[in-house]
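The values are calculated or read from the model by the stated rules, or taken from the named source; none is laboratory data. What you are looking at is a predicted structure, and each value in this text was computed from that prediction instead of being measured. Here the Cβ positions follow ideal geometry from the backbone for every residue, glycine too, while neighbour counts run over all protein chains shown. Ligands, DNA and RNA are excluded from the accessible area calculation, which covers all protein heavy atoms including side chains. Shrake-Rupley method; radii C 1.70, N 1.55, O 1.52, S 1.80 Å.
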Amino acid sequence: MATLETSAETAAPAETAEERTSLKSWFAVISVAVGIFTLVTAEQLPIGLLTSVGGALHVSEGTAGLMVTVPGLVAALSAPLIPVVVGRMDRRFLLVGLMTVMAVANLVTVLAPNFGVLLASRVLVGVTIGGFWAVAGGLAFRLVQPAAIPRATALIFGGVAAANVLGVPTGTLIGGLAGWRTAFATLGVLAFAVLVALLALLPSLPATRPVSVRELFGQFANRGVRAGIIATALIVTGHLAAYTYVSPMLQQVSGIDEDLISVLLLGFGVAGIIGNFVAGAAVAKNLGRTMAVIIVALAAAMLLFPLLGKSQAGGIALLVLWGLAFGGVSVSLQTWMLTSAPDAMEAASALWVSVFNLAIALGALVGGLIVDQVELITVAWLGGVVVLLTACTLPSLRNAGKAGKTAQ
């Protein structure tokens, strides 16, 4: 009996230690998610502050729009370059360093005496977005147990949807009440808090091996990665071509009052958060089927808009479907890339982030050219058709799906 009691007493501390380790791992995941939230908010916050920034620094709204364009293009370049340049640097210190750059960039924005200096700070924002996202996308595989990877990945990418729902509107509100410099100062404080959390919560994350230029370009020989890149380009380009103009579509096609648009876009963001976590759970069971559902639902929301979106109820219903479907895109595509290249996760993730950001810029550009030349609703047709073409890439997911199940 004494032996049993001793064994039980000995086992208890071990179990408690395991629970503490698991809890710290989840806090580490949350810190990365908040980091992603900070990055996406920083990238998109100028959208709500263009008029006030342009007026204060004496530039047109079109010129002020470079605050959004420049970080996206820089992120597309920095995503594949940073993993190559930093070599074997511990990824924990890399993420902390990048978040430090984000904090400094926002400080420079706050103090910027002219638009040139402010734009230089946005270059630093782009560097941080590309580098941080490229590394953070695959961290779930290193921070939690295999069975928890889908939930952890969904949580990390939940930061993207949360930025759209909470970050950008809140930052815009702060800018309206206290000035645009205060909004960026608040973002800088958040970035500093995140870097402290990353330093405290992340374990040592030594590079398994440095990413080389050869390995980076070698990913194009991987059928799964190649198909994932094509799928990313098609889905994000199609989505952005139409979504960039969803506000005028809701007004002109569905007859919804302009005063309700902000509420509906908030609903789109909430639906996106739900879609993100639903997809995160679904990819654990069948990645290919999850992607197929997302593609069909996303394409349907756009293709049916000119028909069913002519009523207010129809327009709102399709917007919610659109949000649910696109909310699952990031976590599903990231899982696609990582399971297609389990031995080269950083390289595959870096390429994915680069293509994702380029597709954002391309989608908005293509949509703008079409809207200027033909009827507004044409962008909905175009976006739906482009997304539907992604179905051609799904056969390559058979092996990726098997790899994903094995990893779990």
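A few points about this structure:
- Condition broken by Pro150, with the remaining ones in (1) modelled with pLDDT of 85 or more; (2) open to solvent by 10 Å² or more (accessible area, probe 1.4 Å); (3) under 20 Å from the mean Cα position of the chain (by Cα) satisfied: (1)
- Against the conditions (1) at pLDDT 75 or above; (2) surrounded by 15 or more Cβ atoms within 10 Å (Cβ to Cβ), Pro113 satisfies every one except (2).
- Boolean, Ala105 is surrounded by 17 or more Cβ atoms within 10 Å (Cβ to Cβ), over 15 Å from Gly188 (Cβ atoms) and of a type in the set (Gly, Ala, Ser): no
- Count of residues meeting criterion [open to solvent by less than 50 Å² (accessible area, probe 1.4 Å) and over 27 Å from Arg91 (Cβ atoms)] in region 117-131: 2
- Selection count where residues are of a type outside the set (A, V, I, L, M) and open to solvent by 40 Å² or more (accessible area, probe 1.4 Å), scope region 347-372: 1
- Scanning region 309-352 for residues that are without any contact (Cβ under 8 Å) to a residue 12 or more places away in the chain and closer than 19 Å to Thr232 by Cα yields a total of 0.
- Sole exception among (1) closer than 22 Å to Ile36 by Cβ; (2) outside any helix (DSSP H, G or I) for Thr232, by number: (2)
- Here Phe184 fulfils each of the conditions (1) surrounded by fewer than 24 Cβ atoms within 10 Å (Cβ to Cβ); (2) more than 17 Å from the chain's Cα centre (by Cα); (3) not β-branched (Val, Ile, Thr) apart from (1).
- Test: Leu362 is at pLDDT below 80, assigned to a helix (DSSP H, G or I), closer than 21 Å to Gly238 by Cα and among the aliphatic types (A, V, I, L, M): yes
Residues checked against (1) open to solvent by less than 40 Å² (accessible area, probe 1.4 Å); (2) free of Cβ contacts under 8 Å to residues at least 40 places away in the same chain; (3) of a type outside the set (Asp, Glu); (4) within 30 Å of Ser204 (Cα to Cα):
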site	(1), (2), (3), (4)
Thr38	yes, no, yes, yes
Thr51	no, yes, yes, no
Ala56	no, no, yes, no
Leu77	no, no, yes, yes
Pro83	yes, no, yes, yes
Arg92	no, no, yes, yes
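- Lone qualifier among Met89, Met67 - being in a helix (DSSP H, G or I) and more than 13 Å from Val353 (Cα to Cα): Met67
- Condition broken by Gly238, with the remaining ones in (1) part of a helix (DSSP H, G or I); (2) open to solvent by less than 30 Å² (accessible area, probe 1.4 Å); (3) touching a residue at least 40 places away in the same chain (Cβ under 8 Å); (4) farther than 29 Å from Pro150 by Cα satisfied: (4)
- Test set (1) part of a helix (DSSP H, G or I); (2) at pLDDT below 80; (3) among the hydrophobic types (A, V, I, L, M, F, W, C); (4) within 22 Å of Leu81 (Cβ to Cβ) - Val211 fails condition number: (1)
- Per-region count, region 250-291, residues small (Gly, Ala, Ser), closer than 16 Å to Ala317 by Cα and modelled with pLDDT of 80 or more: 7
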